[in-house]
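Contents: one structure, followed by commentary.
The values are calculated or read from the model by the stated rules, or taken from the named source; none is laboratory data. Everything quoted here is computed from the prediction, not taken from an experiment. Methodologically, a virtual Cβ is constructed for each residue, glycine included, from the backbone with ideal geometry; neighbour enumeration extends over all protein chains shown.
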Amino acid sequence: QRFLGFEFVRPSPISGMVRLGGNHIYVVVQGPKGKGMPYTNHNGIDVSTREEVDACHALCVAHKEEFGLKGITTPSSQHDVYAFYFRDLDANWWEILANPVGGYSRRFEHYLEAGPVADASAFKPKKD
C-alpha cells in the first residue's frame with residue numbers, strides 16, 4: 001500500500017483489491033506457497049513518461065530490501081515502450097512502462113491490419 005502509491009483494500013483474509021488511480025482494479029487472491037507468477041504473465045503499470053519509469057525504477061532499487069523486491073531489470077526500450085520489470089515478495093512479476101497515449105489500442109489496431117507476427121524468436125521468456 002505504501003509502495004508506489006497504490007490504494008489497497010482487503011475484502012477477505014486471502015484476497016485484496018489494488019488500484020493506482022482511475023477505475024482499473026487488480027483483484028488478487030493468495031495462491032499456494034512456492035508457486036511464483038511466470039514472467040510472461042506479468043502485471044503492468046502504465047505511466048506517462050520515460051522520466052516516470054526512471055523514478056519508479058529508482059524507488060524499486062531504493063526500497064528493494066524493505067519490500068522484498070527481486071529481479072529488478074534496467075529500464076530499456078522494448079516492444080514500442082520504455083519499461084522495466086521486477087518481482088514482488090510473493091514472486092509476482094511487474095512491468096512499469098511508459099505506454100503511448102491510447103495504450104495498447106494503437107498496437108492492437110496495427111496487428112489487426114498487419115496480421116500476426118511470423119517470427120516468435122523475439123518472445124523468449126526471461127529467467128528469474
Q) Among the residues of segment 4-29, how many are at pLDDT below 80, farther than 17 Å from Trp93 by Cβ and in a loop (DSSP other than H, G, I, E, B)? A) 4
Q.
For segment 62-115, give me every one of the strands (runs of 3 or more DSSP E) that falls completely inside it and has 2 or more residues that are hydroxyl-bearing (Ser, Thr, Tyr) and on the phi < 0 side of the Ramachandran plot.
A. 76-78, 81-87
Q.
Name the single residue that is farthest from Leu89 (Cα to Cα) among those in segment 30-49 being among the β-branched types (Val, Ile, Thr) and exposed (fewer than 15 other Cβ atoms within 10 Å of the Cβ).
A. Thr49
**Q.** Of all residues in segment 30-57 being outside any helix (DSSP H, G or I) and of a type in the set (D, E, K, R), the one that is farthest from the chain's Cα centre (by Cα)
**A.** Lys33
Q: Determine the pairs where a residue that is closer than 11 Å to Arg50 by Cβ and free of Cβ contacts under 8 Å to residues at least 12 places away in the same chain, located within segment 73-88, has a partner that is assigned to a strand (DSSP E or B) and not basic (Lys, Arg) with Cβ atoms under 9 Å apart, the partner being 6 or more residues away or on another chain.
A: Ser76/Tyr82; Ser76/Ala83; Ser76/Phe84; Ser77/Ala83
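Here is a yes/no grid of residues against (1) over 19 Å from Ser76 (Cβ atoms); (2) free of Cβ contacts under 8 Å to residues at least 40 places away in the same chain:
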position	(1), (2)
Gly16	yes, yes
Gly21	yes, yes
Thr40	no, no
Asn43	no, no
Ser48	no, no
Val53	no, no
His57	no, yes
